[in-house]
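The values are calculated or read from the model by the stated rules, or taken from the named source; none is laboratory data. It should be emphasised that the depicted structure is a prediction, and the values quoted were computed from it without experimental measurement. Note: ideal-geometry Cβ built from the backbone for every residue, glycine included; neighbour counts use all protein chains shown.
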Amino acid sequence: ERYTTMFQTLPKIELHTHLEGCAPPSFIQQLASEKNIDIAKIFAADGGYAFENFDHFLQVYEAACTTLQTPEDFRRLTFAVLEETAKHGVVYMETFVSPDFCGGGDLVAWRDYVAAMEDAATEAEMRFGITLRGIVTGIRHFGHESCIPAAHCAADTFGSFITGYGMAGGEMVGRPADYTRSFDIARDAGMPLTCHAGEWGGAAMVAETIKHLKVARIGHGIGAIDDPALVQHIAETGIVLEVCPGSNVVLNAVSGWDAHPIVKLRDAGVKVTVSTDDPPFFHTTMSYEYEMLSKTFGWTQADFDAVTETALNAAFCDDQTRQRVA
Ligand code: HPA
Ligand code: ZN
């Protein structure tokens with residue numbers, strides 16, 4: 001069933017996961033059965049998620065999300081995800097959560113979902129020794145108008161479990177400048193910011209995201225590699241990249257592990273971290289990411305220690321939590 005690698009027990013930190021995207025297919029199938037929802041079409045013959053490309057992945061993702069309906073569903077999801085993630089040595093994890101999938105942007109409903117997720121995280125922390133924080137995300141392809149209520153939900157629940165604001169979804173929908181209002185709302189509330197960019201949109205999308213949305217971190221950001229001046233700017237300003245190599249390989253954002261720019265970015269002085277994005281969708285785990293970085297680029301303990309230190313310093317949690325998980 002679950003293979004072990006020599007890296008499985010190394011303590012790890014990951015900053016870029018999507019909560020619903022961490023749901024094992026069996027978990028989603030179980031919810032679908034309980035609710036009589038027919039989502040057979042999103043599964044392959046082997047029971048895994050089946051998709052052809054990034055846009056199709058987003059469709060399959062949203063179909064899976066139709067089974068996640070109540071705060072109780074999200075409590076079960078959060079607990080199951082943390083139990084699984086902790087098996088790979090992850091001691092601290094940040095995950096994207098979206099009001100769009102938790103009450104549709106309604107503030108009163110959203111508070112109940114956050115309470116349920118926080119409750120599960122507290123329980124899992126005691127049981128499995130893993131700490132979770134949530135980053136509220138607007139969903140780009142739902143339109144910039146939909147990101148406004150998401151940002152208000154973020155600001156309203158900012159402080160304990162919820163530690164940041166960001167944007168996920170279809171990167172080629174609109175330009176970063178179209179989403180300034182939602183990011184301004186979150187920034188004015190004091191929230192740290194991150195945004196998916198440069199997974200598909202190249203260096204220009206990364207540059208516009210930094211300029212207009214003023215983020216501390218970029219989700220993926222690998223497209224920056226084509227613009228040396230931009231890479232230098234990212235290095236000098238200390239913007240952190242949430243790199244998800246296994247995700248990039250499966251979705252064909254890069255042609256293979258050998259072609260991944262994570263080492264070039266790091267060697268240019270960019271702060272890089274390593275995450276799984278949506279592990280069961282991309283047939284990955286943090287142990288597998290480490291194994292492939294070791295196999296492909298010869299990464300050793302020192303390389304992994306460096307990304308863990310970078311991730312710890314870039315985490316959106318308070319300093320007390322940072323010191324506790326260090
Ligand atoms: N990328 C962008 N948007 C997403 C993803 C992802 O991997 N997962 C869920 N929404
Ligand atoms: Zn992502």
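Is it the case, given these coordinates, that H56 is crowded, with 20+ Cβ neighbours inside 10 Å and either in contact (Cβ under 8 Å) with a residue 12 or more places away in the chain or out of contact with any His (no Cβ under 6 Å at 6 or more places or on another chain) (or both)? The answer is no for H56.
Please state which one of E14, E83, E72, E52 is under 21 Å from the mean Cα position of the chain (by Cα) and away from ligand 1 (no atom under 16 Å from the Cβ). So that I can check it myself, show each step before the final result.
Values: E14 fails: away from ligand 1 (no atom under 16 Å from the Cβ); E72 fails: under 21 Å from the mean Cα position of the chain (by Cα); E52 fails: away from ligand 1 (no atom under 16 Å from the Cβ).
That would be E83, the only listed residue that is under 21 Å from the mean Cα position of the chain (by Cα) and away from ligand 1 (no atom under 16 Å from the Cβ).
Whenever a residue of the range 7-22 is closer than 19 Å to Q323 by Cβ and touching a residue at least 60 places away in the same chain (Cβ under 8 Å), its partners that are among the acidic types (D, E) and within 16 Å of ligand 1 (Cβ to nearest atom), lying with C-beta atoms within less than 6 angstrom and at least six residues away or across chains, give the pairs L15/E94; L15/E242.
Could you tell me which of the residues A302, A306, A315, A311 is more than 15 Å from C244 (Cβ to Cβ) and surrounded by 21 or more Cβ atoms within 10 Å (Cβ to Cβ)?
Numbers: A302 fails: surrounded by 21 or more Cβ atoms within 10 Å (Cβ to Cβ); A306 fails: surrounded by 21 or more Cβ atoms within 10 Å (Cβ to Cβ); A311 fails: more than 15 Å from C244 (Cβ to Cβ).
It is A315.
Within the set A124, A109, A45, A115, the sole residue that is crowded, with 20+ Cβ neighbours inside 10 Å and away from ligand 1 (no atom under 16 Å from the Cβ) turns out to be A124. Out of all the residues in the range 38-45, is one or more of a type outside the set (A, V, I, L, M) and within 16 Å of ligand 2 (Cβ to nearest atom)? Looking through the range 38-45, none of the residues is of a type outside the set (A, V, I, L, M) and within 16 Å of ligand 2 (Cβ to nearest atom). Take the conditions (1) touching a strand residue (DSSP E or B) at 6+ places or on another chain (Cβ under 9 Å); (2) touching a residue at least 40 places away in the same chain (Cβ under 8 Å); F43 misses just one of them, which is (2). Among the conditions (1) surrounded by 22 or more Cβ atoms within 10 Å (Cβ to Cβ); (2) touching a Ser or Thr at 6+ places or on another chain (Cβ under 7 Å), the only one that G221 does not satisfy is (2).
Can A207 be described as at pLDDT 95 or above, under 17 Å from the mean Cα position of the chain (by Cα) and surrounded by fewer than 24 Cβ atoms within 10 Å (Cβ to Cβ)? Against the criterion (at pLDDT 95 or above, under 17 Å from the mean Cα position of the chain (by Cα) and surrounded by fewer than 24 Cβ atoms within 10 Å (Cβ to Cβ)), A207 does not qualify.
Going through F27, F96, F51 one at a time, which residue ends up being in a helix (DSSP H, G or I) and surrounded by 15 or more Cβ atoms within 10 Å (Cβ to Cβ)? Within the list F27, F96, F51, the selection yields F27.
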